[in-house]
Each structure stands twice: as C-alpha cells, then as structure tokens.
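Written below as structure tokens is the structure these notes are about.
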Amino acid sequence: MSDSSPVALVTGGAHGIGAGIATHLAGKGWRVVTADLKPAPGAPGRHVVADIAEEAAVAALLDGIAAREGRLDAMVCNAGIMVRKPVEELSLAEWQRVLGTNLTSTFLLARAGAKLLRASGRGAIVTIASTRAHMSEPDTESYSASKGGLLALTHALAVSLGPDIRVNCVSPGWIDVAGEDLRPEDHAQHPAGRVGRVEDIAALVAWLVGPEAGFVTGSEFISDGGMTRKMIYAE
C-alpha cells in the first residue's frame, strides 16, 4: 500500500464493530490506524493502545499519525462502554467514565484531528451512536445520554467544520458482534428479517467516508433493521 493511500483512524478498533470497520476499510485500500484500551494482535494496519477519554492520549495519538502516516482522511469515533445499573446505584465516577469514553472522546478527537483532516482536502468524521439515542431500556441512563449527546455533537461539528470536513453519525441497533446463539424470533422481530451484522455497519461507514457521500453531512443513519419504526405493544 502506497504512502498516498488514504488514512483512517478507528477508535474502539480492537473488537466488534470497530474491528469490522477497520478490516473493511483496509480491504478497500485504506491505511488504517486503530486505537483501543486493549491490544489488537490481528488488527489491520497500526494499532495504538490508548485511552481516548484522556486529552493527552488523544494528542499523542494524532501527533503519531501526523509523524508516521503523514495524513488523515477519515476518523471513525466508535469507542464506547456501558455501565448498566439502577440510577440510584450509579456513581458519579461511572457516569463520567461512560460520558468520557463515549462522548467527550469525540470532542477531543475532532479538536485534535481537524487540522489533519482539513489538509486532506476531503476529510470525514463518522460517529457511532446508537438507537438508544432515541429509545431506552431500564438502567441505561449514562449510555443513552452519551449517545444522545453524540448525535447532537455530530451535527454541531458538521456545521462548524464544513465545508472542509463532513461529519455524520451511524446509529446501530442490534448488531451481532460475537456470533451469538440467535433464535428464529430474534431475527423475525426485525422488519428486515434478521439481526444486524458488523458488515452492515462497516459498509455504511465506508460509504460515508468515501467520495460518493460528498453531499452528505450532519446526518444520522439508523441501521437497525427497522426496529425503531415498529410499534410494539404487549398482547
């Protein structure tokens, strides 16, 4: 792969959706840098162990890309964690940790990476939110708040960083990231007829960071098999 190939940074790239996005982009000729709290021995391209909720770690990550890859064309802000417990038991430290990883990290990454993305002439940021930005299950306050904030941050960044950098959001629904033992009814409840796959999200992200999406910015793309459009009542 030549030094002129486009470069993408994917956070939360050691597993799940992030790893799938990284692999998909690499297969399309991108040079990929992944970042995660965990090592990723099989990751395509270069992997950095970093806590992207920390300002200094984000600065070092972007400085490293400038020095080693020499450019940045796309940033996929995918890193996310969940602490699920009753709100009365949720500590302030847990709340802040979830928002730091899921939301504040995107602010830090956009701020640190804007110069490199702008210099590419076609920079793109994709945030990975969730359908939980729109609906909730019990005991998910910190996660839902972080994803709702990420959706709003996406359109704010799109307006502030345009026209040089496009910013869009993908909100996945149920995505099978670990080869779950799924039941027929798990698939059947989706209007699309199946639970989502990592490849569904990866393909959408690849389109959003590519030239064919050049007129798309500030938008949310819900990839959930139609579940948020389905009325569900107890029988």
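Look at (i) 8, 34, 40, 17, 1; (ii) 8, 33, 38, 17, 4, 0; (iii) 8, 30, 31, 19, 9, 3, 0: the one that is P(r) over Cα pairs in 10 Å bins from 0, in percent derived from this structure is (ii).
Work out the FRET efficiency for ALA56 and HIS155 from their Cβ-Cβ distance, taking R0 = 25 Å, and round it to the nearest 0.05. Walk me through the numbers on the way to the answer.
On the way: r = 28 Å, r/R0 = 1.12.
Working from the Cβ atoms, E equals 0.35.
Listed by chain and number, the lysines whose alpha-carbon sits under 24 Å from that of LYS147, ignoring those within fewer than 8 places in the same chain, are LYS38, LYS85, LYS230. Computed extension gain for ILE81 through ALA203, at 0.36 nm per residue and net of the alpha carbon distance, reaches 41.7 nm.
Express the carbon and sulfur contribution to the solvent-accessible surface of segment 7-229 as a percent, rounded to the nearest whole number, probe 1.4 angstrom. Walk me through the numbers on the way to the answer.
Values: 5640 of 10160 Å².
The C+S portion of the solvent-accessible surface of segment 7-229 is 55 percent.
Of the residues SER4, SER171, ranked by 1.4 Å probe accessible area with the largest first, the sequence reads SER4, SER171.
Dividing the helix sum by the residues of the chain, where each DSSP H run of 4 or more adds -39500 (n - 2.57), gives a mean residue ellipticity at 222 nm of -11500 deg cm²/dmol.
Between segment 43-118 and segment 180-220, the C-alpha centres lie 22 angstrom from each other.
Defining a contact as two alpha carbons under 8 Å apart and six or more residues distant in sequence, what relative contact order in percent does segment 7-229 show? Each step should come with its number before you reach the end.
Details: 438 pairs, mean separation 44.3, N = 223.
It comes to 20 percent, rounded to a whole number.
In what sequence, highest mean first, do 89-97, 145-153 appear when ranked by Cβ atoms within 10 angstrom? Can you show the working numbers first?
On the way: 89-97: 12.1, 145-153: 20.1.
Highest to lowest by the protection proxy: 145-153, 89-97.
Taking each residue as 0.36 nm, the span from ALA192 to SER120 lengthens on full extension beyond its C-alpha to C-alpha distance by 22.2 nm.
The values are calculated or read from the model by the stated rules, or taken from the named source; none is laboratory data. This is a predicted model, so every value here is computed, not measured. Virtual Cβ from ideal backbone geometry, glycine too; neighbours counted across all protein chains shown. Heavy atoms of the whole protein, side chains included, go into the accessibility calculation; ligands, DNA and RNA do not. Shrake-Rupley method; radii C 1.70, N 1.55, O 1.52, S 1.80 Å.
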